[in-house]
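The values are calculated or read from the model by the stated rules, or taken from the named source; none is laboratory data. Remember, predicted model here, so these are calculated numbers, not experimental data. FYI the Cβ positions are ideal-geometry reconstructions off the backbone, even for glycines, and counts take in every protein chain you see.
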């Protein structure tokens, strides 16, 4: 609540933490270690996406997970406090929180009508630009915002995620690339 109010009034988030300190359940940590990939986002960046990453034990579980970390960048910034914030900034925040690089960011290049942009501008929200990514981060760019409401196009986004997963997982495992056709 304080984060959202602060951003609305132009205060930038400089660091994040959890109070009280909480720990991941051991069964959840074990499950994460066995994941083939992790997809983070979209959602309210500082109040929905970051907090679960700060739970004690999540960082360690993700360090043992061998698949890619995929960040789906939001379509918009979230108030005056995020002015100038980019998808590259989101990648850096997540990477620092989990102490591991984000492998792929999926970011929007689509633009809604000027009328829709005007409505969001009145809330001090603006389209989230890609920004300058660190060298090891792959970007998947596409027109994921195609309506008057700031929502990812589910079909396009699912195609992007599945493309990343097939490239990162299927091609990385030779035994899976020769899967026989189903008739």
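Quick check, is residue 19 under 30 Å from residue 147 (Cβ atoms), out of contact with any strand residue (DSSP E or B) (no Cβ under 9 Å at 6 or more places or on another chain) and without any contact (Cβ under 8 Å) to a residue 40 or more places away in the chain?
On the way: under 30 Å from residue 147 (Cβ atoms): no; out of contact with any strand residue (DSSP E or B) (no Cβ under 9 Å at 6 or more places or on another chain): yes; without any contact (Cβ under 8 Å) to a residue 40 or more places away in the chain: yes.
Spelling it out, it is not the case that residue 19 is under 30 Å from residue 147 (Cβ atoms), out of contact with any strand residue (DSSP E or B) (no Cβ under 9 Å at 6 or more places or on another chain) and without any contact (Cβ under 8 Å) to a residue 40 or more places away in the chain.
Only one of the numbered conditions (1) outside any helix (DSSP H, G or I); (2) at pLDDT 95 or above; (3) surrounded by fewer than 19 Cβ atoms within 10 Å (Cβ to Cβ) is violated by residue 71, and that is (3). Selection of first residues in the range 113-132 that are over 10 Å from residue 76 (Cα atoms) and of second residues that are part of a helix (DSSP H, G or I), restricted to Cβ pairs under 7 Å at least 6 apart or on distinct chains, gives the following pairs, ordered by first then second residue: 130/87; 130/88; 131/87; 131/88; 131/89; 132/88. Of all the residues in the range 81-94, those that are farther than 14 Å from residue 44 by Cα and more than 13 Å from the chain's Cα centre (by Cα) number 2. Of everything in the range 124-147, what is modelled with pLDDT under 95 and loosely packed, with under 13 Cβ neighbours inside 10 Å? Give them in sequence order. Selection gives 134, 135, 136, 147. Residue count for the range 29-49 satisfying the condition of being in contact (Cβ under 8 Å) with a residue 40 or more places away in the chain, in contact with a helix residue (DSSP H, G or I) (Cβ under 7 Å, 6 or more places away or on another chain) and assigned to a helix (DSSP H, G or I): 3.
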